[in-house]
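**Q** Quick one: the structure is below, questions incoming.
The values are calculated or read from the model by the stated rules, or taken from the named source; none is laboratory data. Since the model is a prediction, treat every value here as computed from it, not as a measurement. Here the Cβ positions follow ideal geometry from the backbone for every residue, glycine too, while neighbour counts run over all protein chains shown.
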Amino acid sequence: MNIIYHYPPELLTLLIDTIPLLCKSKNDTLSFLRGSGVDGNTLADLKRRVATDRENINKYEIVRTTLTRLNEKGEGSLKPLIWGVQCACGALNAELLSVTNRRRIEQRV
């Protein structure tokens, strides 16, 4: 059976490189993925590995494995995740603007 990937490799690479940077820990990464619409069954073995073999799995492997599974599922499976990344990046941008504005105010005082 041929597996048809529905999203270009460039998009997957960007997501794999970005999502781990948005999350502080492995558990945060799993929570982010779950909160972005990834079902618990897709994450169950990864969650178990984090709980039992924490040193031999990293955030990038968690994201890469999850995205590959979602891409193999087909059309629409990555859409909630992409939305989650957009929301997280928007929140990050808002926080950066807030920090920048605070610094400007502090410099004036």
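**Q** Show the residue pairs meeting these rules: Cβ distance below 7 Å; 6+ apart or different chains; first residue within the stretch 39-64 and under 25 Å from Thr13 (Cβ atoms); second residue polar (S, T, N, Q) and assigned to a helix (DSSP H, G or I).
**A** Thr42/Thr66; Leu43/Thr66; Leu46/Thr65; Leu46/Thr66; Val50/Asn27; Lys59/Thr29; Ile62/Thr29; Val63/Thr29
**Q** Being over 14 Å from Lys24 (Cα atoms) and touching a helix residue (DSSP H, G or I) at 6+ places or on another chain (Cβ under 8 Å) is the filter here; which residues of the stretch 51-60 pass it?
**A** Result: Arg54, Asn56, Ile57.
**Q** Count, please, the residues in the stretch 35-53 that happen to be exposed (fewer than 12 other Cβ atoms within 10 Å of the Cβ) and assigned to a helix (DSSP H, G or I).
**A** Residues in the stretch 35-53 being exposed (fewer than 12 other Cβ atoms within 10 Å of the Cβ) and assigned to a helix (DSSP H, G or I): 7 in total.
**Q** Given the criteria exposed (fewer than 11 other Cβ atoms within 10 Å of the Cβ), part of a helix (DSSP H, G or I) and modelled with pLDDT of 90 or more, does Asn27 qualify?
**A** Against the criterion (exposed (fewer than 11 other Cβ atoms within 10 Å of the Cβ), part of a helix (DSSP H, G or I) and modelled with pLDDT of 90 or more), Asn27 does not qualify.
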